[in-house]
């Protein structure tokens, strides 16, 4: 399968998540107020969900769509199973 083209939204969300993770680590090391830490963790989770959604959309529009045009039911079944597997993970 070909990789889908680069999506700057995915990278931006991941970089924002990383930045917030660094902030959370500093906050925990500084023994900051739990609710403030939890709010930052919610921001991290939001950015990761955004990146995941963008990446899944990219995959469905490129690799998945290409694979589903295959005549092979084995290929189609594998692609469907992959999507089910990555979307089953609890958010």
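Coordinate-derived values only; no laboratory data. No experiment lies behind these values; they were computed from the predicted model shown. Here the Cβ positions follow ideal geometry from the backbone for every residue, glycine too, while neighbour counts run over all protein chains shown.
Estimated from the Cβ-Cβ distance and a Förster radius of 35 angstrom, the FRET efficiency linking residue 87 and residue 30 is about 0.45.
Value of Rg to Rh for the chain, rounded to two decimals, is 1.16; Kirkwood radius and Rg both from alpha-carbon coordinates.
Across the range 1-50, Cα-Cα distances exceeding 18 Å account for 40% of all pairs.
For the chain, the longest principal axis of the alpha carbon atoms and the long axis of helix 34-59 meet at an angle near 20°.
Specify the angular offset, from 0 to 90 degrees and rounded to the nearest 10, of the alpha carbon long axis of helix 73-88 from the longest principal axis of the alpha carbons in the chain. Helix 73-88 sits at roughly 10 degrees to that axis. With r as the distance between the Cβ atoms of residue 7 and residue 42 and R0 = 22 Å, compute the FRET efficiency 1/(1 + (r/R0)^6) and round to 0.05. That pair, residue 42 with residue 7, gives E of 0.40.
The relative contact order of the range 8-88 comes to 31 percent, based on Cα pairs under 8 Å that sit 6 or more residues apart.
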